[in-house]
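The values are calculated or read from the model by the stated rules, or taken from the named source; none is laboratory data. Just so it is clear, the model here is predicted, and its values are computed rather than measured. So basically every Cβ, Gly included, is an ideal-geometry build from the backbone, and we count neighbours across all protein chains shown.
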Amino acid sequence: MSVPAKRRPSSSKRRRAAHFAIQATRTSSCPKCGKQILPHCVCPFCGSYKGKEYLKSKLDKKEEKRLKKQKAQAAEKQNK
Ligand SMILES: [Zn+2]
């Protein structure tokens with residue numbers, strides 16, 4: 001393993017370290033639901049991108065679950 005030839009001055013070290021700070025992630029707001037989302041990505045909350053729906057939103061998933069439950073209950077009632 002190589003060893004640094006000369007000691008780095010503190011000013012040089014600090015100058016290099018000036019770019020080490022973590023930047024906050026840049027976000028944009030969803031045009032449909034208005035929540036903060038990553039730019040150029042499908043909104044994880046409502047599932048839309050550029051006015052089109054690509055994913056099922058959380059509300060849709062909840063509704064689907066509720067309907068499934070209702071169907072299962074109805075089937076159980078018929079069996080009894
Ligand atoms: Zn959205």
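Observations, loosely collected:
Residues checked against (1) part of a loop (DSSP other than H, G, I, E, B); (2) modelled with pLDDT of 90 or more:
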{"residue": "Arg8", "(1), (2)": "yes, yes"}
{"residue": "Arg15", "(1), (2)": "no, yes"}
{"residue": "Ala24", "(1), (2)": "yes, yes"}
{"residue": "His40", "(1), (2)": "yes, yes"}
{"residue": "Cys46", "(1), (2)": "yes, no"}
{"residue": "Lys61", "(1), (2)": "no, no"}
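- Residue tally, condition surrounded by 11 or more Cβ atoms within 10 Å (Cβ to Cβ) and in a loop (DSSP other than H, G, I, E, B), over segment 26-38: 8
- Filter result for Lys56 (basic (Lys, Arg), more than 16 Å from the ligand (Cβ to nearest atom) and not in a strand (DSSP E or B)): no
Conditions (1) exposed (fewer than 10 other Cβ atoms within 10 Å of the Cβ); (2) within 13 Å of the ligand (Cβ to nearest atom); (3) in contact (Cβ under 8 Å) with a residue 40 or more places away in the chain, marked per residue:
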{"residue": "Ile22", "(1), (2), (3)": "yes, no, no"}
{"residue": "Pro44", "(1), (2), (3)": "no, yes, no"}
{"residue": "Glu63", "(1), (2), (3)": "no, no, no"}
{"residue": "Lys69", "(1), (2), (3)": "no, no, no"}
{"residue": "Gln78", "(1), (2), (3)": "yes, no, no"}
